[in-house]
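One structure below.
The values are calculated or read from the model by the stated rules, or taken from the named source; none is laboratory data. From a predicted model like this one, the values you see are computed outputs, not experimental measurements. Positions of Cβ are generated from backbone atoms using ideal geometry, with glycine treated the same way; all protein chains shown enter the neighbour counts. Remember, those area values only see protein heavy atoms, side chains included, never the ligands or the DNA or RNA. Shrake-Rupley method; radii C 1.70, N 1.55, O 1.52, S 1.80 Å.
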Amino acid sequence: FDELLGAMLAGGDAGAARKAKPLLDDARPEDLVAAVDAAVERGVGMEALKPAVSRLINLLHAPLSRRRREPPSGERLFSSLMAENQALLAVLDRGKPLAQAINAATKRGASPERPIVDLRNLIEELGAIKAHYRKKENVLFPWFESRYPKYRCVRLMWEIHDDARRDLKDAARLLDAAMADPGAAFDPAPLNKALGRLYFDLNTNAWREDYALYPVMMDLVSPADGEALFAETLDYGWSFLDSAAALRFTEPGAAA
């Protein structure tokens, strides 16, 4: 996988992908984590590594998806984090028709004021991802780095956290400007670009968590450590889970 990621760093190589097909079919989360770790250790720059890893994941998507691991019954750390990811994806789905409505309105010369307001509210809602990222950065990453030799994939993941936080600010700024002057002509192109980056980064992180980082960590974290780490994550609140959804992780006996 190091060689294949090297080919992706060189811009992608269909021949390398064909040659590696038997390897790809048997890919495991640990393979992706190890390949990224080796690239970071070699000093590959993050701006080059991000698109290369995305191309590699396109090749690994199907085999790693088939190997999806669910946390054991009663486990709370990864179960809650994966539930937050599922809820995030539902919020993202609600944003797609709003962006489409803005584009449709501007194309026919109508005012997109209402969907702009609704999308701005949704961007505010997506800001809840920051709590999810703080759990990873302050609780999971330090634990993982101290116990797994090939830990450097979290550096790339942190970079994408930062990208997503910038994306949120960019989208909010563009929507705020449109709302401040609702009668002005609105060019949706910059917003479409900002939303494209935002959706890509949020989806990218969620998938890599559920199909790479968490499966690797599940084999490392003992039940006692998992409960201790879960207790630490509670300091950061919940992302996208309302009180009723969160209750199944916090009510007495939830980990039984």
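Hey, what's the chain come to in accessible area per residue, 1.4 Å probe, Å²?
48 Å²
Less than 17 Å apart at the alpha-carbon level, and either on another chain or at least 8 residues along: which aspartates and glutamates does that give for LYS50?
Leaving aside aspartates and glutamates fewer than 8 places away in the same chain, those within reach of LYS50 are ASP2, GLU3, ASP13, ASP31, ASP37, GLU41, GLU159, ASP162, ASP163, ASP167, ASP201, GLU209.
Which one of LEU191, ALA244, TRP143 is farthest out on the positive end of the charge dipole of the stretch 117-256, using unit charges on Cβ (Lys, Arg +1; Asp, Glu -1) and the Cα centre as origin?
The one lying farthest along the dipole's positive direction is TRP143.
Please report, to one decimal in angstroms, the Kirkwood hydrodynamic radius of the stretch 101-191 built from all distinct Cα-Cα pairs. Present the calculation step by step, with values, prior to reporting the outcome.
On the way: mean 1/r = 0.0651 Å⁻¹.
Result for the stretch 101-191, one decimal place: 15.4 Å.
Taking the Cα centroid of the stretch 57-84 and of the stretch 145-190, what is the distance between the two, rounded to the nearest whole Å?
Using only Cα atoms, the two centres lie 24 Å from each other.
Determine the order of HIS161, HIS61 by accessible area, beginning with the largest, at a probe radius of 1.4 Å.
On the way: HIS161 0, HIS61 85 Å².
The ordering from most to least exposed comes out as HIS61, HIS161.
Can you return the lysines within cross-link range of LYS107? Criterion is Cα-Cα under 18 Å, with same-chain partners fewer than 8 residues away left out.
Straight-line reach from LYS107, under 18 Å: LYS96, LYS193.
At most 14 other C-beta atoms within 10 Å and a DSSP loop state: those are the exposed trypsin sites (Lys or Arg not before Pro) I care about. Give me the longest piece of the chain that has none.
Segment 109-256 is the longest.
Dipole size in debye (nearest 20) for the chain around its Cα centre, Lys and Arg Cβ +1, Asp and Glu Cβ -1? Mind showing how you got there, number by number?
On the way: 34 positive and 38 negative charges, 143 e Å.
So the magnitude is around 680 debye.
Over all directions, the average projected area of the alpha-carbon convex hull for the stretch 122-256 comes to how many nm²? The partial results should precede the final answer.
Working: hull surface 39.0 nm².
That works out to 9.8 nm².
Counting only protein heavy atoms and a 1.4 Å probe, tell me what percentage of the stretch 66-169's accessible area is made up of carbon and sulfur.
Working: 2450 of 4970 Å².
Result for the stretch 66-169: 49 percent of the exposed heavy-atom area is carbon or sulfur.
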